[in-house]
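Structure, as structure tokens:
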Amino acid sequence: LLYIPSSANFITLIFDNQKQAKLFSDEFLKNGIILRHLNSFGLSECVRVTIGSKAEMDIFIDKLESILECV
């Protein structure tokens with residue numbers, strides 16, 4: 001999985017296409033985790049993940065592996 005390096009409180013993940021990015025974002029939403037699919041910013045293959053608290057990031061990482069298998 002590629003990403004855009006950042007000095008801010010978020011990272012931008014780069015997928016192969018818009019379909020994968022949307023599916024990734026939608027699967028997290030089904031699990032109660034809101035990500036930003038950057039389609040409206042002209043980056044249809046990208047998803048932004050905001051860095052949260054340690055507890056929030058532990059939940060994100062826990063879901064990440066299973067969701068990546070779906071994408």
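The values are calculated or read from the model by the stated rules, or taken from the named source; none is laboratory data. Just so we're clear, the structure is a prediction, and the values are computed from it rather than from any experiment. Here the Cβ positions follow ideal geometry from the backbone for every residue, glycine too, while neighbour counts run over all protein chains shown. Side chains included, ligands, DNA and RNA excluded: accessible areas come from the protein's heavy atoms. Shrake-Rupley method; radii C 1.70, N 1.55, O 1.52, S 1.80 Å.
In table form, for the structure just shown:
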| item | result |
| --- | --- |
| SER66 being in contact (Cβ under 8 Å) with a residue 24 or more places away in the chain, on the phi < 0 side of the Ramachandran plot and not β-branched (Val, Ile, Thr) | no |
| Search result, residues across segment 34-44 that are open to solvent by 60 Å² or more (accessible area, probe 1.4 Å) and either under 14 Å from PHE60 (Cβ atoms) or touching a Pro at 6+ places or on another chain (Cβ under 7 Å) (or both) | ILE34, ARG36 |
| Every residue from segment 1-16 that is in contact (Cβ under 8 Å) with a residue 40 or more places away in the chain, closer than 16 Å to ILE67 by Cβ and either among the aromatic types (Phe, Trp, Tyr) or not in a loop (DSSP other than H, G, I, E, B) (or both) | ILE11, PHE15 |
| Cβ-Cβ under 6 Å pairs, at least 6 apart or on other chains, segment 17-33 side surrounded by fewer than 17 Cβ atoms within 10 Å (Cβ to Cβ), far side of a type outside the set (A, V, I, L, M) and in a loop (DSSP other than H, G, I, E, B) | ASN17/GLU45; GLN18/SER44; GLN18/GLU45 |
| Enumeration of residues in segment 32-71 that are in a loop (DSSP other than H, G, I, E, B), farther than 15 Å from ALA21 by Cα and either among the charged types (D, E, K, R) or in contact with a Phe, Trp or Tyr (Cβ under 9 Å, 6 or more places away or on another chain) (or both) | ILE51, GLY52 |
| Single residue of segment 28-71 satisfying the filter (of a type in the set (D, E, K, R) and under 17 Å from ILE14 (Cβ atoms)) that is nearest to the chain's Cα centre (by Cα) | ARG48 |
